[in-house]
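The values are calculated or read from the model by the stated rules, or taken from the named source; none is laboratory data. In this text, all values refer to a predicted model and were calculated from it rather than measured experimentally. Cβ coordinates were reconstructed from backbone atoms using ideal geometry, including for glycine residues, and neighbour counts include every protein chain displayed.
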Amino acid sequence: MSNLIVETINVTKTYNLGKPNEVTAVKDASLQINAGSLVVLKGPSGSGKTTLLSLIGCQTKPTRGEVIILGKKVSKLPEKFMNLHKRNHIGFIFQHFQLIAGMSVLDNIVLPLIPEGISPKERSKRADQLLEQFDLAHRRQFKVSHLSGGEQQRVAIARALINNAGILLADEPSAHLDSRLTSDFLDHVKQLKRSGHTILITSHDPIIYQHPAVDQVFEIKDGQMIS
Amino acid sequence: MMLDPWILGLIIGHSALLLIFSLGLINAWQIFSGWDYNSTAEKQFLLEKKTYLVSTVMNFALFTQILMLFLFGMAADELANVLPGAMCAVGTLSSTSYGFALLDLKIVSFFAYFIWLVVNYLDNQIETYPLVRKKYLALMLLYPFAVVETVLLFAFAFDLDPSVITSCCGSVYNEGAEGLGASLAGASAGFILPLFFSIVILLLLNRFVFNRRDAGKKWLGNLLEFPLWIAFFITAIVVIISFISTYVYEMLSHKCPFCFMGAEYHYYGVPLYLCLFVATATGMTGGLLETIKRPETLAEKARLLQKKMNTVSLWGMLAFVVIGFLPFATYYIKTGRLI
Amino acid sequence: MISGSWFERQKNIIDYSLQSLLRRRSKNILILIIFIVLVFAVSSILFITGSLTQEMMITSNDLPDITVQRILGGRQVNVLSSYLPEIEKIPGVEAVETRVWGYFYLASLQANFTIYGMDLNLLEEGEYRKIVNWKNVPDPAENQILSSRPDFRMIIGQGVFELLKDIQMEKAFLFYQPTWQKPIPFDIIGTFKTETELQSNDMMILQTEGARRVLELPPDEFSDLVVHVPNPEEIENIALKIHRYFPELRTITRAQIQNTYATVFNWKSAFVLSSLLVAIFAFLILIWDKASGLSPEEKREIGILKAIGWDTDVVLSVKFWEGLILSGISSLAGILLAYAYIYWLRAPGLREIFIGWSTIYPSFKLMPDVDPKFLLLIITISVVPYLAVTVFPAWKAAITDPDAIMRNI
């Protein structure tokens, strides 16, 4: 395994530890993902796959175990440094897209660049490239709330890519799309894979995990890895 | 007790400061006692989040303290209008036994908050937060001073009495009189100026001779900066009272370190004090950073910041000397003689 | 990933904060309005105090060095002429002047005038000539005493003049008291034009002899004495001395009067400010409430920002800048409004509280005089408490977990 990019070692995530409503969402999960591969994490809803994706995506810290991204043990880092690693290497596409409704397409896409101190000019330059790539140029100044579901997802992908992250994570991307839009999405994913991105998708949609471009499928059930 | 808008402003500002500092204290205690870097319990995650709260609190404290320092000086100046005998801020401050104590405490607090924030900034750049316990212990030690400050302010406000005649800079800084003020002013220019300039020269020597890249005892030179800058600050204040002020007012008997902050002297004192405080704060912090040796990653960052601070302090000092001796120079060129 | 400089970052964050405020206009407008009103109130009070103190200082510079009054049974009574030579003998005293003055209440107008007796010939000839708008003077060059009754002439303040015009007495005025057999007529030969109107507005300057008649003052008695001391350092001492020689005499120095005025103004302003404190406090609670009770929309937004990699301290900075922009803009607006209210509209409603008892002042100008000191004080009273109250709620919002939006919280 020379080009390992993401690795989890026995990660466990327990919410509300020690309280009556304690719940273990992920238990002793270990997986390895190679650079440049397209991987699907499948499992029914409530299986813990979104929590595992959060752990890999540096959105939360594990209760036990290690998460290693590009050789760095991120799980032990203080939030600030974990965040830095996240900003530099990981792009996230959320299930409900999670765009800010009152803002324009452009403003949404460049959001991750604001705290980096990138000038507005440089921001739009980078964004325009992505708007072109995802066929959103004509929607540049539209409020995101006026866009269709497919367009919103493309905005979400563009936002995930604006930091030039090498790793892309997508949470249930087909949940709000019809089959035509899902296949559009998969086209984009294939393209991104060709350009060298490592992609991890959670899904219980066969259109996605049975897709020929997928290199590897992990299955999770009740918080535990099955395969 | 005097009911006065300026007193009211000071009380509001200090109450806000103390309130927020109390919030910081509680959280600092929790962090200090509960911090466990290796823990993955949610409690540790929460403590980590609390560090942001405490940082914000201290930023607020520093910002408010700077504002209060200026406001206090101006309030003292303004209150002189209503205190019989008081012609300027000195009269107000010396009309109660708390005035100057409060001012001194505020200056010390300002430097302490500044140093704390610099160390905090450095520590936050290292993944393991190596100084976390020391930092929060220091913060808890600073809290009593904030309390004392507030108590002193109230004592000061209650003690101000418009019916008691007070003395003013004319007599406080009168060389014939007794007391600290008089001996400060009495320090003749012939004594204090050489002292002041030898400290300035020592600082420059220390920076450029002992502290060169190839010098052997570099750490000693850096450490020396801390006491040297304190000495610089104190002598600078004496120079302001006994020498600079006489040339600003162009009067031998008027020796006041406050009056020239007002409009009638074109706010001359504002840049003067700004340079003095910036130079001293960065200078002494630069020296103090020398004590940070471990871990190596932190020491490295500390060295980088130390260099920047040293540069800022040097320019600040030069600016102070230039601004401070400008009135003297213009007076001498205009009249060809000394006061 | 290449990051911009610290300044670029702050610029971006400020920019974002501004847009974030604008997006939530409706939520912030209420805070904005209340904030403006409070700053307006506070600044108005401070401005009027500052101006009045300033004006008082200017006018009171002409006050006598020492005023000497005679006190009998705790009341001020007339000073006898026998004191004069004794006081003149004290070393350091240059001259002692006698004064005749008092009040005259005009029931029909419900106005109280200050009557002051002096030799008007001095006014007509001396350097003070230019402070009077001379009236009914056919030819000032002749330097002639206009009236056939030289003892019954007077010069009045502009405010008195306006009042007397209403009752058609602006040329000649009849003093009358029910105990008198007949009224005493006075010719009005001029009005004052001073740059500051506060003190001369209700003033009537009468020829001394006439004033004695109106005030019913016997010939060898005076209202009070004025002592001139050339060396300011000696004023306090000489005042003490006079009081020691004649315990029944009360001495008032100029500095004492100035202090008293300033204290009264400051006390009044602080009193009004203190009553405002309740309002400020209530406002702070409102802010706390608004800042703590984030709408689901705002919570989601912060969650998104955290999830796409914004640091906690960046979100805190946004909150800080939002607060600073909001309170800064409100403060500025409040201060400008107060400036207009005090100096253009002449503080209707407020000036009665500060000037005091009489409605005689139909007009008085306040000199625009805003020391930057006051701006600092206003910022301390408004912005500092605002930021203090928002520290905790802002932090609470900023520590939203990045995975919160993934868990659909």
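Please enumerate the residues belonging to the stretch C:165-178 that are closer than 14 Å to C:Phe104 by Cα and either among the aromatic types (Phe, Trp, Tyr) or in contact with an Asp or Glu (Cβ under 9 Å, 6 or more places away or on another chain) (or both).
In the first step, residues of the stretch C:165-178 are kept if they are closer than 14 Å to C:Phe104 by Cα; the result is C:173-178.
Residues satisfying the conditions are C:Phe173, C:Phe175, C:Tyr176, C:Gln177.
Within the set of pairs 6+ apart or on separate chains, which have a first residue in the stretch C:326-348 that is farther than 10 Å from C:Val39 by Cβ, a second that is acidic (Asp, Glu) and in a helix (DSSP H, G or I), and C-beta atoms under 6 Å apart?
Within 6 Å, no pair qualifies.
Mind listing just one residue for me: the one in the stretch B:294-339 that is within 27 Å of the chain's Cα centre (by Cα) and among the basic types (Lys, Arg) and, of those, surrounded by the most Cβ atoms within 10 Å (Cβ to Cβ)?
B:Lys301
Could you identify the single residue in B:Thr56, B:Thr92, B:Thr64, B:Thr51 that is among the β-branched types (Val, Ile, Thr), within 24 Å of B:Phe233 (Cβ to Cβ) and within 11 Å of chain C (Cβ to nearest Cβ)? Break it down into steps so the answer makes sense when it comes.
Numbers: B:Thr56 fails: within 24 Å of B:Phe233 (Cβ to Cβ); B:Thr92 fails: within 11 Å of chain C (Cβ to nearest Cβ); B:Thr51 fails: within 24 Å of B:Phe233 (Cβ to Cβ).
The unique qualifying residue is B:Thr64.
Among residues belonging to the stretch C:68-89 that are among the β-branched types (Val, Ile, Thr) and touching a residue at least 40 places away in the same chain (Cβ under 8 Å), point out the one that is nearest to C:Pro219 (Cα to Cα).
The initial filter retains those residues of the stretch C:68-89 that are among the β-branched types (Val, Ile, Thr), namely C:68, C:71, C:77, C:79, C:87.
Filter once more, keeping what is touching a residue at least 40 places away in the same chain (Cβ under 8 Å): C:68, C:71, C:79, C:87.
Details: C:Val68: 18, C:Ile71: 19, C:Val79: 11, C:Ile87: 20 Å.
The qualifying residue nearest to C:Pro219 (Cα to Cα) is C:Val79.
Can you tell me how many residues within the stretch B:23-58 are touching a residue at least 24 places away in the same chain (Cβ under 8 Å) and either out of contact with any Phe, Trp or Tyr (no Cβ under 9 Å at 6 or more places or on another chain) or surrounded by fewer than 20 Cβ atoms within 10 Å (Cβ to Cβ) (or both)?
Of the residues in the stretch B:23-58, the ones touching a residue at least 24 places away in the same chain (Cβ under 8 Å) are B:23-25, B:27-29, B:31-32, B:35, B:37, B:51, B:53-55, B:57-58.
Keeping just the survivors that are either out of contact with any Phe, Trp or Tyr (no Cβ under 9 Å at 6 or more places or on another chain) or surrounded by fewer than 20 Cβ atoms within 10 Å (Cβ to Cβ) (or both) gives B:23, B:29, B:32, B:35, B:37.
So the count comes out to 5.
Can you find, within the stretch C:303-332, the residue that is surrounded by the fewest Cβ atoms within 10 Å (Cβ to Cβ) among those that are of a type in the set (Val, Ile, Thr) and more than 10 Å from chain A (Cβ to nearest Cβ)? Step through it out loud before you land on a result.
Taking the stretch C:303-332 as the starting set, the residues that turn out to be of a type in the set (Val, Ile, Thr) are C:304, C:308, C:312, C:314-315, C:318, C:325, C:329.
Imposing the further condition that a residue be more than 10 Å from chain A (Cβ to nearest Cβ) reduces the set to C:325, C:329.
Details: C:Ile325: 16, C:Ile329: 14.
So the residue we want is C:Ile329.
Mind counting the residues in the stretch A:8-64 that are at positive phi and within 14 Å of another protein chain (Cβ to nearest Cβ)?
Qualifying residue count for the region: 6.
Got at least one residue in the stretch B:131-147 being outside any helix (DSSP H, G or I), in contact (Cβ under 8 Å) with a residue 40 or more places away in the chain and within 14 Å of chain A (Cβ to nearest Cβ)? Walk me through it before giving the result.
Restricting attention to the stretch B:131-147, the residues satisfying the condition of being outside any helix (DSSP H, G or I) are B:131.
Next, from what is left, pick out any that are in contact (Cβ under 8 Å) with a residue 40 or more places away in the chain: B:131.
This time we only want the ones that are within 14 Å of chain A (Cβ to nearest Cβ), so: B:131.
Yes, that holds for at least one residue.
Can you work out which of the residues in the stretch A:15-34 that are over 19 Å from B:Gln44 (Cβ atoms) and in a loop (DSSP other than H, G, I, E, B) is nearest to the chain's Cα centre (by Cα)?
A:Asn21
Run A:Ala160 past the list (1) over 23 Å from C:Leu18 (Cα atoms); (2) more than 18 Å from the chain's Cα centre (by Cα) and report the number of the one that doesn't hold.
With respect to (1) over 23 Å from C:Leu18 (Cα atoms); (2) more than 18 Å from the chain's Cα centre (by Cα), A:Ala160 is out only on (2).
Regarding the stretch B:16-27, can at least one residue be identified that is touching a Pro at 6+ places or on another chain (Cβ under 8 Å), in a helix (DSSP H, G or I) and modelled with pLDDT of 85 or more? Explain how you work it out, then say what you get.
Kept after step one, since they are touching a Pro at 6+ places or on another chain (Cβ under 8 Å), are these residues of the stretch B:16-27: B:16.
From what is left, the residues that are in a helix (DSSP H, G or I) are B:16.
So of that shortlist, the ones also modelled with pLDDT of 85 or more come out as B:16.
Yes: one or more hits.
Any residue in the stretch C:8-23 that is facing another protein chain (nearest Cβ under 8 Å) sitting within a Cβ distance under 7 Å of a residue that is buried (at least 16 other Cβ atoms within 10 Å of the Cβ) and of a type in the set (S, T, N, Q)? List the pairs, counting only those 6 or more apart or interchain.
Close Cβ pairs (under 7 Å, with a partner that is buried (at least 16 other Cβ atoms within 10 Å of the Cβ) and of a type in the set (S, T, N, Q)) amount to C:Ile13/C:Ser317.
Would a scan of the stretch C:24-41 turn up a residue that is in a helix (DSSP H, G or I), at the interface with another protein chain (Cβ under 8 Å from one of its Cβ atoms) and either modelled with pLDDT under 90 or buried (at least 20 other Cβ atoms within 10 Å of the Cβ) (or both)?
Filtering the stretch C:24-41 for residues in a helix (DSSP H, G or I) gives C:25-41.
Subset that is at the interface with another protein chain (Cβ under 8 Å from one of its Cβ atoms): none.
Within the stretch C:24-41, not a single residue is in a helix (DSSP H, G or I), at the interface with another protein chain (Cβ under 8 Å from one of its Cβ atoms) and either modelled with pLDDT under 90 or buried (at least 20 other Cβ atoms within 10 Å of the Cβ) (or both).
Please go through the stretch A:179-218 and give me each residue that is among the basic types (Lys, Arg) and more than 21 Å from A:Leu31 (Cα to Cα), ordered by number. Break it down stepwise before answering.
Kept after step one, since they are among the basic types (Lys, Arg), are these residues of the stretch A:179-218: A:180, A:190, A:193-194.
Residues satisfying the conditions are A:Arg180, A:Lys190, A:Arg194.
Considering only the stretch A:85-112, state which residues are more than 8 Å from chain C (Cβ to nearest Cβ), part of a helix (DSSP H, G or I) and either among the hydrophobic types (A, V, I, L, M, F, W, C) or in contact with a Pro (Cβ under 7 Å, 6 or more places away or on another chain) (or both).
Within the stretch A:85-112, A:Val105, A:Leu106, A:Ile109, A:Val110 meet the criteria.
Do you know which of the residues in the stretch C:369-397 that are assigned to a helix (DSSP H, G or I), more than 7 Å from chain B (Cβ to nearest Cβ) and at pLDDT below 85 is surrounded by the fewest Cβ atoms within 10 Å (Cβ to Cβ)?
C:Pro372
Specify the residue that is modelled with the lowest pLDDT; the eligible residues are those in the stretch B:67-82 that are more than 7 Å from chain C (Cβ to nearest Cβ) and over 22 Å from the mean Cα position of the chain (by Cα).
So, considering only residues that are more than 7 Å from chain C (Cβ to nearest Cβ) and over 22 Å from the mean Cα position of the chain (by Cα), the one modelled with the lowest pLDDT is B:Ala80.
Answer yes or no: is there a residue in the stretch B:264-286 that is buried (at least 16 other Cβ atoms within 10 Å of the Cβ), outside any helix (DSSP H, G or I) and in contact (Cβ under 8 Å) with a residue 60 or more places away in the chain.
Looking through the stretch B:264-286, none of the residues is buried (at least 16 other Cβ atoms within 10 Å of the Cβ), outside any helix (DSSP H, G or I) and in contact (Cβ under 8 Å) with a residue 60 or more places away in the chain.
I'm told A:Gln153 meets every condition in (1) buried (at least 19 other Cβ atoms within 10 Å of the Cβ); (2) in a helix (DSSP H, G or I); (3) touching a helix residue (DSSP H, G or I) at 6+ places or on another chain (Cβ under 6 Å); (4) more than 8 Å from chain C (Cβ to nearest Cβ) except one. Can you identify the failing condition by its number?
(3)
Can you confirm whether the stretch A:163-174 contains a residue that is farther than 30 Å from A:Leu84 by Cβ and without any contact (Cβ under 8 Å) to a residue 12 or more places away in the chain? Walk me through it before giving the result.
First, pick out the residues of the stretch A:163-174 that are farther than 30 Å from A:Leu84 by Cβ: A:174.
In the following step, the residues that additionally are without any contact (Cβ under 8 Å) to a residue 12 or more places away in the chain were identified as none.
Among the residues of the stretch A:163-174, not one is farther than 30 Å from A:Leu84 by Cβ and without any contact (Cβ under 8 Å) to a residue 12 or more places away in the chain, which makes the answer no.
Of A:Gly36, A:Gly48, A:Gly65, A:Gly57, which residue is surrounded by 19 or more Cβ atoms within 10 Å (Cβ to Cβ) and closer than 24 Å to A:Gln191 by Cα?
Details: A:Gly36 fails: surrounded by 19 or more Cβ atoms within 10 Å (Cβ to Cβ); A:Gly48 fails: closer than 24 Å to A:Gln191 by Cα; A:Gly65 fails: closer than 24 Å to A:Gln191 by Cα.
Step by step, each of A:Gly36, A:Gly48, A:Gly65, A:Gly57 is checked, and only A:Gly57 is surrounded by 19 or more Cβ atoms within 10 Å (Cβ to Cβ) and closer than 24 Å to A:Gln191 by Cα.
Please go through (1) aromatic (Phe, Trp, Tyr); (2) in contact with a Lys or Arg (Cβ under 7 Å, 6 or more places away or on another chain); (3) not in a helix (DSSP H, G or I) for B:Phe32 and return the number of the only condition it doesn't satisfy.
(3)
Scan C:Leu120, C:Leu146, C:Leu174, C:Leu109 and give me the residue that is of a type outside the set (Phe, Trp, Tyr) and at pLDDT 85 or above.
Working: C:Leu120 fails: at pLDDT 85 or above; C:Leu146 fails: at pLDDT 85 or above; C:Leu109 fails: at pLDDT 85 or above.
Selected residue: C:Leu174, the only one of C:Leu120, C:Leu146, C:Leu174, C:Leu109 that is of a type outside the set (Phe, Trp, Tyr) and at pLDDT 85 or above.
At pLDDT 80 or above, crowded, with 18+ Cβ neighbours inside 10 Å and within 12 Å of another protein chain (Cβ to nearest Cβ): is that true of C:Thr253 in this structure?
Yes, satisfied.
From the residues in the stretch A:178-193 that are more than 17 Å from the chain's Cα centre (by Cα) and not small (Gly, Ala, Ser), which one is surrounded by the fewest Cβ atoms within 10 Å (Cβ to Cβ)?
Start the filter on the stretch A:178-193 by keeping residues that are more than 17 Å from the chain's Cα centre (by Cα), which leaves A:178-181, A:183-184.
If we keep only those that are not small (Gly, Ala, Ser) as well, we get A:178, A:180-181, A:184.
Working: A:Asp178: 11, A:Arg180: 9, A:Leu181: 18, A:Asp184: 16.
Checking each candidate, the answer is A:Arg180.
Would you confirm whether or not the stretch C:341-352 contains a residue that is part of a helix (DSSP H, G or I), in contact with a Leu (Cβ under 9 Å, 6 or more places away or on another chain) and at pLDDT below 80?
Applying the first criterion (part of a helix (DSSP H, G or I)) to the stretch C:341-352 yields C:341-344, C:350-352.
Okay, now just the ones that are also in contact with a Leu (Cβ under 9 Å, 6 or more places away or on another chain), so C:341-343, C:351.
If we keep only those that are at pLDDT below 80 too, we end up with C:351.
Within the stretch C:341-352 (the criterion being part of a helix (DSSP H, G or I), in contact with a Leu (Cβ under 9 Å, 6 or more places away or on another chain) and at pLDDT below 80), the answer is yes, since at least one residue qualifies.
Quick check on my filter: what residues within the stretch A:107-153 are under 21 Å from the mean Cα position of the chain (by Cα) and among the aromatic types (Phe, Trp, Tyr)?
Once the filter is applied, which keeps residues that are under 21 Å from the mean Cα position of the chain (by Cα) and among the aromatic types (Phe, Trp, Tyr), the stretch A:107-153 yields only A:Phe134.
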